[in-house]
1. Limited to region 54-75, what total is found for residues that are under 18 Å from Lys36 (Cβ atoms), within 13 Å of ligand 2 (Cβ to nearest atom) and of a type in the set (Val, Ile, Thr)?
2. Please go through region 221-238 and give me each residue that is closer than 8 Å to Ala53 by Cβ and not in a helix (DSSP H, G or I), ordered by number.
3. Does Val245 fit the bill of being within 30 Å of Tyr126 (Cα to Cα) and either more than 15 Å from the chain's Cα centre (by Cα) or part of a helix (DSSP H, G or I) (or both)?
4. Read through the list (1) more than 13 Å from the chain's Cα centre (by Cα); (2) not in a helix (DSSP H, G or I), then give the number of the only condition that Lys205 fails.
5. If Glu48 satisfies all but one of (1) at pLDDT 95 or above; (2) farther than 16 Å from Met238 by Cα; (3) within 16 Å of ligand 2 (Cβ to nearest atom), what's the number of the condition it fails?
6. Looking only at region 243-262, count how many residues are of a type in the set (S, T, N, Q) and either under 20 Å from Arg47 (Cα atoms) or surrounded by 15 or more Cβ atoms within 10 Å (Cβ to Cβ) (or both).
7. Sort out which residues of region 195-227 are within 16 Å of ligand 2 (Cβ to nearest atom), under 16 Å from Gln111 (Cβ atoms) and at pLDDT below 95, and write them in order of number.
Amino acid sequence: MNMMSETAVEKALDQKMTEMKYKMIGKDVSVYYGEKRALFDVNLNVREHTVTALIGPSGCGKSTFLRCLNRMNDTIDSCRVTGKITLDEMDIYDPDIDVVELRARVGMVFQKPNPFPKSIYENIAYGPRIHGLARSKADLDQVVETSLQKAGLWNEVKDRLQESGTGLSGGQQQRLCIARAVAVSPEVILMDEPCSALDPIATAKVEELIHELRANFTIVIVTHSMQQAARVSQRTAMFHLGLLVEENDTDKMFTNPDDQRTQDYIMGRFG
Ligand SMILES: Nc1ncnc2c1ncn2[C@@H]1O[C@H](COP(=O)(O)OP(=O)(O)OP(=O)(O)O)[C@@H](O)[C@H]1O
Ligand SMILES: [Mg+2]
């Protein structure tokens with residue numbers, strides 16, 4: 001698998017990335033769980049058509065920050081978010097925002113594959129149906145096929161669409177969840193340690209997929225694996241004790257980071 005080869009497409013995307021606007025802007029983002037402060041004035045911008053990796057030791061606030069980006073923290077009672085986050089120019093914490101719509105634009109894939117206990121077909125069709133994205137059965141069939149193709153799963157499941165999603169292997173289930181996220185045509189996809197429950201072969205497939213998805217989506221991925229961050233991302237953000245300590249080109253981050261704490265973490269001195 002030569003997923004990091006500098007193909008023409010890759011070069012074009014890199015070029016696009018350097019010219020590109022920020023898809024999401026996080027300004028002075030702080031998060032509190034009750035009295036406890038988990039993030040301190042984080043300023044982090046997410047570039048379009050870029051994979052941004054969030055790294056740092058356990059408990060540093062990676063998942064907390066990721067959840068801010070589609071207001072998943074709203075579901076935690078004690079949680080309070082301050083600062084400002086925009087998607088394009090829209091303030092996502094504006095009280096008038098429809099959170100369901102926001103989460104269709106900023107989708108999420110979780111650590112543990114969590115397909116619905118329904119058929120493979122239904123797992124994909126559910127979102128487009130409730131968001132009114134398909135006018136007919138034929139439309140819906142098309143969305144299901146395209147989404148499964150984008151997630152690199154179509155050939156493996158096309159003859160068993162009516163079988164349960166939970167009957168797939170772990171790696172297939174995670175690609176099914178990615179297909180489900182893709183099906184509602186999000187602009188941004190958030191992934192919280194999407195490979196941590198997968199074996200190395202399934203991980204490689206998902207990493208390759210993330211790499212391909214960059215052409216159509218903007219991706220933010222939390223990972224504990226430095227190798228994974230280096231393989232899949234173009235930008236990396238390093239968190240420590242609730243602070244964003246450095247954000248940089250991934251290549252630079254892993255060869256010559258600006259911050260001593262990044263250096264220490266990458267060298268395995270803590271975390
Ligand atoms: N639901 C919650 N209620 C209270 N505190 C929480 C909650 N979720 C996270 N925290 C706290 O916020 C801080 C940041 O947690 P977070 O889960 O964002 O870290 P993380 O970097 O994702 O860690 P890990 O790598 O272990 O997943 C931690 O101190 C954690 O204990
Ligand atoms: Mg986490």
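The values are calculated or read from the model by the stated rules, or taken from the named source; none is laboratory data. Bear in mind that the values here come from a model prediction, so they are computed numbers and not experimental data. Cβ: placed from backbone, ideal geometry, glycine included. Neighbour counts: every protein chain shown.
1. Qualifying residue count for the region: 1.
2. Selection gives Ile221, Val222, Thr223, Ser233, Arg235, Thr236, Ala237.
3. It is false that Val245 is within 30 Å of Tyr126 (Cα to Cα) and either more than 15 Å from the chain's Cα centre (by Cα) or part of a helix (DSSP H, G or I) (or both).
4. (2)
5. It fails just one condition, (3).
6. Of the residues in region 243-262, 3 are of a type in the set (S, T, N, Q) and either under 20 Å from Arg47 (Cα atoms) or surrounded by 15 or more Cβ atoms within 10 Å (Cβ to Cβ) (or both).
7. If the condition is that a residue be within 16 Å of ligand 2 (Cβ to nearest atom), under 16 Å from Gln111 (Cβ atoms) and at pLDDT below 95, then Cys195, Ser196, Ala197, His224, Ser225 are the ones that fit.
For every residue, the table says whether it meets (1) without any contact (Cβ under 8 Å) to a residue 40 or more places away in the chain; (2) touching a Gly at 6+ places or on another chain (Cβ under 8 Å).
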| residue | (1), (2) |
| --- | --- |
| Ile210 | no, no |
| Leu213 | no, no |
| Ala229 | no, no |
| His240 | no, yes |
| Gly268 | yes, no |
